[in-house]
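Following: one structure in structure tokens, then a few remarks.
The values are calculated or read from the model by the stated rules, or taken from the named source; none is laboratory data. Being a predicted model, the structure only gives us computed values, none of them experimental. Cβ: placed from backbone, ideal geometry, glycine included. Neighbour counts: every protein chain shown. Surface accessibility is based on the protein's heavy atoms, side chains included, excluding ligands, DNA and RNA. Shrake-Rupley method; radii C 1.70, N 1.55, O 1.52, S 1.80 Å.
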Amino acid sequence: MDKKELVYEGKAKKVFKTDDPNLLIVDYKDDATAFNGLKKGTITGKGVINNQMSNFLMQIIEKDGIPTHFVKELSERETLVKSVTIVPLEVIVRNIAAGSFAKNYGVEEGIVFDEPTVEFSYKNDDLGDPLMAPSHAIALKLVTKDELNLITDYALRVNAILKDFWKSRGVTLVDFKIEFGKTADSTIILADEISPDTCRLWDSETGEKLDKDRFRRDLGGVEEAYAEVMKRLKENDK
Ligand code: UDP
């Protein structure tokens, strides 16, 4: 499958057309941004790690009955995926208080919730991806009520799968962001990526951050953290 014209270039990925209108090729870059593009940098090797990690996790999720965009890994940085129209909602699931949750509510990071939370942000860079009430997403016709219920159900199931998986690798899944897309036949499937760019992952023993917060917060050891979490992913169950 050859790459045709570039259809989209985002912060961390390029997306190309293929001969098949239902399939696209995603090419992962080492570029990193944070704070809505205000902070820019490079994390050497990130594209390879994010591509391989996302594909690995998407396949676990697919096996558990949630449809995903994954088709085939083509190279270290390139993957063939199903073409979708992205639902313009960032779906965020949290198990532990961190990031914007801790900031917005004035609480310490690290509070462990009894039940996971689900929230939505409107994917709109000009508006700074504002938090969005579910009824507002329906009012704006970004999704139907049924689609939103399905997306919420999928998001919680993805959380359960990923939480268990990372636990077996000595890593705590704090929170993550996922995106869904609609195929030509209007099926909702999991799209985008699942990687240390989009998840908070803490070492279960030491609490060390093994994700993009090292870049966002200038903690150093960014490349090392991505490599460590990739090594853990490939380990057998502990
Ligand atoms: N996240 C993301 N992209 C975004 C915003 C958040 O992938 O544009 C992820 C982030 O890595 C974290 C989770 O979503 O795992 C929750 O992020 P939060 O709302 O706390 O925002 P942040 O503190 O990253 O601004």
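Below are the figures for this structure:
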| read-out | value |
| --- | --- |
| Odd one out for PRO130 among (1) of a type outside the set (A, V, I, L, M); (2) more than 8 Å from the ligand (Cβ to nearest atom); (3) open to solvent by 60 Å² or more (accessible area, probe 1.4 Å) | (3) |
| Number of the condition not met by ILE61 [criteria: (1) open to solvent by less than 10 Å² (accessible area, probe 1.4 Å); (2) more than 14 Å from GLU193 (Cα to Cα)] | (2) |
| Residue in region 13-33 that is surrounded by the fewest Cβ atoms within 10 Å (Cβ to Cβ), counting only those that are farther than 26 Å from GLU224 by Cβ and touching a residue at least 60 places away in the same chain (Cβ under 8 Å) | PRO21 |
| Pairs with Cβ under 9 Å, 6+ apart, first in region 87-111 and closer than 17 Å to MET132 by Cα and open to solvent by less than 70 Å² (accessible area, probe 1.4 Å), second part of a loop (DSSP other than H, G, I, E, B) and of a type in the set (Lys, Arg) | VAL87/LYS123; PRO88/LYS123; LEU89/LYS123; GLU90/LYS123 |
| Number of the condition not met by ALA191 [criteria: (1) open to solvent by 30 Å² or more (accessible area, probe 1.4 Å); (2) within 16 Å of the ligand (Cβ to nearest atom)] | (1) |
| Test: residue in region 34-56 that is open to solvent by 60 Å² or more (accessible area, probe 1.4 Å), free of Cβ contacts under 8 Å to residues at least 24 places away in the same chain and away from the ligand (no atom under 16 Å from the Cβ) | yes |
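Matching residues to (1) of a type in the set (Ser, Thr, Tyr); (2) open to solvent by 50 Å² or more (accessible area, probe 1.4 Å):
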{"site": "LEU140", "(1), (2)": "no, yes"}
{"site": "ASN149", "(1), (2)": "no, yes"}
{"site": "TYR154", "(1), (2)": "yes, no"}
{"site": "PHE180", "(1), (2)": "no, no"}
